Amino acid sequence: MAETLVIKIGGSTLGAHDTTLEDVVRLQREGVPVVVVHGGGPQATAWLKVHGAGTQFVRGLRVTDPQSLDVVVAVLAGLVNKQLSGAINALGGRAAGISGVDGPTIVAEVREPELGRVGAITEVRPALLQALLTTGLMPVLSPIGYDLHAAAGDSPLLNINADTVAGEVAAALGAAQMTVLTDVPGVKDGDGVVRARISAAETRAMMAAGVVAGGMIPKVEACLRA
């Protein structure tokens with residue numbers, strides 16, 4: 001798995017007119033093992049609105065109450081995952097759409113009750129990902145985790161930030177590289193200048209100073225983890 005590439009595709013970039021999917025198919029054809037981790041925040045927000053539910057974020061993470069969990073799981077593990085897998089297959093790739101619940105691959109727990117059914121990853125079990133890669137398939141992973149110790153009456157399903165999932169999966173696989181595709185140009189310093197390269201120490205200092213904030217926090221934390 002040392003040559004594996006983990007590519008995180010943000011929900012904000014899904015459907016964008018770029019060459020991302022063509023690129024991952026080309027890599028697969030060249031024999032490069034690729035794991036795609038995807039988000040789907042904008043799509044989940046849109047469907048929650050259809051169902052009359054609002055959206056609240058805390059520290060860049062979506063608050064997921066039990067009522068909205070069903071919608072989030074349906075959109076991320078269902079609609080978005082299958083659209084993305086289908087698009088890759090239509091381009092000649094060989095994709096297998098799964099969620100972190102399958103296996104289970106992503107084991108998580110609730111550590112911040114104020115976020116609702118939002119998971120903190122406790123373990124990545126990469127056996128299913130490795131099995132798919134070994135057979136020449138490209139895993140397309142949605143960020144839904146499994147709570148092994150869910151309380152009676154609670155769903156064992158947990159919504160997890162896709163950036164966090166990508167970082168943990170990259171670490172578990174010992175991946176050669178993790179790439180995060182998003183709709184922002186990159187990490188900006190205090191002067192608003194995009195940094196082409198940044199060290200781990202600088203990143204942590206910028207987070208402590210509040211220069212890196214909001215939705216960029218889980219992205220850089222995932223990079224540090226990977």
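State the percentage of accessible surface on the chain attributable to carbon and sulfur atoms; use a 1.4 Å probe and exclude ligands, DNA and RNA. Answer for the chain is 54 percent, counting heavy atoms of protein chains only. V101 contributes an accessible area of around 40 Å² to the protein surface, as traced by a 1.4 Å probe with all chains present. In this simple spin-label model, placing a label point 7 Å from the Cα along the Cα-to-Cβ direction at both F57 and E114 gives a separation of 1.7 nm. I want to make sure I understand the PRE zone here: with the label point 7 angstrom from the Cα of H149 toward its beta carbon, which residues in the stretch 86-114 have backbone N atoms less than 14 Å away? Once the point is set 7 Å along Cα→Cβ of H149, 107-112 turn out to lie under 14 Å by backbone N, inside the stretch 86-114.
Averaged per residue, the chain has 48 square angstrom of accessible surface, using a 1.4 angstrom probe with ligands and nucleic acids left out. When the trypsin sites (Lys or Arg not before Pro) in the stretch 146-226 are filtered for DSSP coil states and for at most 14 other beta-carbon atoms within 10 Å of their beta-carbon, the remaining sites are R195, R197.
Extending 7 Å from Cα along the Cβ direction at D23 and again at N89 yields two label points whose distance is 2.5 nm.
Would you mind checking the pairs K49/K82; K8/K49; K8/K219 and listing those with alpha carbons more than 19 angstrom apart? Walk me through the intermediate numbers first.
Working: K49/K82 21 Å; K8/K49 25 Å; K8/K219 10 Å.
Cα-Cα > 19 Å for K49/K82; K8/K49; rest within.
Take the chain and mark each of the GluC sites (Glu not before Pro) that is in a DSSP loop with at most 16 other Cβ atoms within 10 Å; the longest unmarked stretch, sites excluded, is 31-226. Report for the chain the percent antiparallel among DSSP-assigned beta bridges with both residues inside it, nearest 5. Looking only at bridges with both residues in the chain, the antiparallel portion is about 35 percent.
For the chain, the residue among T105, L84, A131 whose Cα projects farthest onto the positive side of the dipole built from Cβ charges is L84.
Do the sum for the chain: with -39,500 (n - 2.57) for every DSSP H run of n ≥ 4, divided by all residues, what is the mean residue ellipticity at 222 nm, to the nearest 500 deg cm²/dmol?
Numbers: 8 runs with 77 residues, N = 226.
Helices in the chain give a 222 nm mean residue ellipticity of -10000 deg cm²/dmol.
Amide H to amide H, with H built 1.01 Å from N, V110 comes under 5 Å of A120, counting only residues 5 or more places away or on other chains. A straight Cα-to-Cα reach below 20 Å connects K188 with the aspartates and glutamates D163, E202, E221, residues fewer than 8 places away in its own chain not being considered.
The values are calculated or read from the model by the stated rules, or taken from the named source; none is laboratory data. None of the values given here were measured: they were computed from a predicted structure. Here Cβ is always computed from backbone atoms with ideal geometry, including for glycine, and neighbour counts include all displayed protein chains. Only protein heavy atoms, including side chains, enter the accessible area calculation; ligands, DNA and RNA are left aside. Shrake-Rupley method; radii C 1.70, N 1.55, O 1.52, S 1.80 Å.
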